[in-house]
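Q: Sharing a structure with you now.
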Amino acid sequence: GSGMTYDSGMKHRLVFRASDRAEFQTIADGRKTIETRAATPKYRKVAVGDELVIRCGTEEVTRVVKRVEIYFSIDELLAGVGLNNVMPLVENVEQAKQEWYSYPGYRDKIAQHGLVAWYI
């Protein structure tokens, strides 16, 4: 690591669906360096130095948030952070959008709140 120490921040739990195990695995192995959610008030509370406790089934990984960015749209987010860092398993932007929109209500939530990107 860089030797930086953080005051212990808040812990936030994120649960991955069993169907998203492959994506969870990319966080566990370090390929995925940015986690996103619709930027609803709940997720806007996550701050630099906070811990994301990310769970899928019985597996769990913890990552410290190094940076937080808010984007108005998927296109803006991907232009800012690059597809590979967010969704290493998809081939293109269309597939990425289908992934986001597969979550219940996400098309509307993103339109209303934008997206938050956590660098982990």
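The values are calculated or read from the model by the stated rules, or taken from the named source; none is laboratory data. The structure displayed is predicted, hence computed values, not measured ones. Neighbour counts are summed over all protein chains in view; Cβ atoms, including those assigned to glycine, are modelled from backbone coordinates with ideal geometry. When the accessible area is computed, the model is the full protein with side chains, heavy atoms only, and any ligands, DNA or RNA have been set aside. Shrake-Rupley method; radii C 1.70, N 1.55, O 1.52, S 1.80 Å.
Q: State the extension gain, in nm to one decimal, for the chain segment bounded by PHE72 and ARG107, taking 0.36 nm per residue of separation less the distance between their alpha-carbons. Don't skip to the answer; put the middle values down first.
A: On the way: separation 35, 0.36 × 35 = 12.60 nm, distance 1.24 nm.
Separation in residues times 0.36 nm, less the Cα-Cα distance, equals 11.4 nm.
Q: Can you work out the Karplus-derived ³J(HN,Hα) for every residue in the stretch 60-70? Use 6.51 cos²θ - 1.76 cosθ + 1.60 with θ = phi - 60°, whole Hz, and x for glycine or proline.
A: 8, 10, 10, 10, 8, 6, 9, 7, 10, 10, 10
Q: Which of the chymotrypsin sites (Phe, Trp or Tyr not before Pro) found in the stretch 48-114 are in a DSSP loop and have at most 15 neighbouring Cβ atoms, other than their own, within 10 Å?
A: On the way: sites: TYR71, PHE72, TRP100, TYR101, TYR106; in loops: PHE72.
Listed in order of number, the matching sites are PHE72.
Q: Here is a further query. Rounded to whole Å, give me the distance from the Cα center of the stretch 13-45 to that of the stretch 59-86.
A: Each part's Cα centre sits 9 Å from the other's.
Q: So, in the chain, how many Lys pairs have Cα atoms under 18 Å apart, if the pair is 8 or more places apart or on different chains?
A: 9
Q: Something else: Taking the Cβ-Cβ separation of LYS45 and ASN92 as r and a Förster radius of 30 Å, what is the calculated FRET efficiency to the nearest 0.05? Mind dumping the intermediate values first?
A: Working: r = 32 Å, r/R0 = 1.07.
So the FRET efficiency works out to roughly 0.40.
Q: Counting only heavy atoms of the protein chains, get the accessible area per residue of the chain (1.4 Å probe) and round it to a whole Å² value.
A: On the way: 6940 Å² over 120 residues.
I get 58 Å² per residue for this part.
Q: Which whole-number percent is the relative contact order of the chain (Cα, under 8 Å, 6+ apart)? If you can, show how the numbers build up before the last one.
A: On the way: 181 pairs, mean separation 43.0, N = 120.
Rounded, it is 36 percent for the chain.
Q: At 1.4 Å probe size, with no ligands or nucleic acids counted, give the accessible surface of THR33 in Å², nearest ten.
A: Counting only protein heavy atoms, the figure is 50 Å².
Q: Right, next: Kindly identify the stretch 9-120 as rounded, prolate or oblate by the Cα gyration tensor criterion: order the square roots of the eigenvalues as a ≥ b ≥ c, call it rounded if a/c is under 1.5, otherwise compare a/b with b/c, prolate if a/b is larger, else oblate.
A: Values: a/c = 1.39, a/b = 1.13, b/c = 1.24.
Rounded.
Q: Taking all protein chains as present, what is the carbon and sulfur share of the accessible area of the chain, in % to the nearest whole number, probe 1.4 Å? Walk me through the intermediate numbers first.
A: Numbers: 3500 of 6940 Å².
Its accessible area is 50 percent carbon and sulfur atoms.
Q: To continue, here is another question. Using a 10 angstrom Cβ neighbour count of at most 15 plus a DSSP loop assignment to flag exposed trypsin sites (Lys or Arg not before Pro), which longest range of the chain is free of such sites?
A: On the way: sites that count: ARG17, ARG31, LYS45, LYS66.
Longest run free of exposed loop sites: 67-120.
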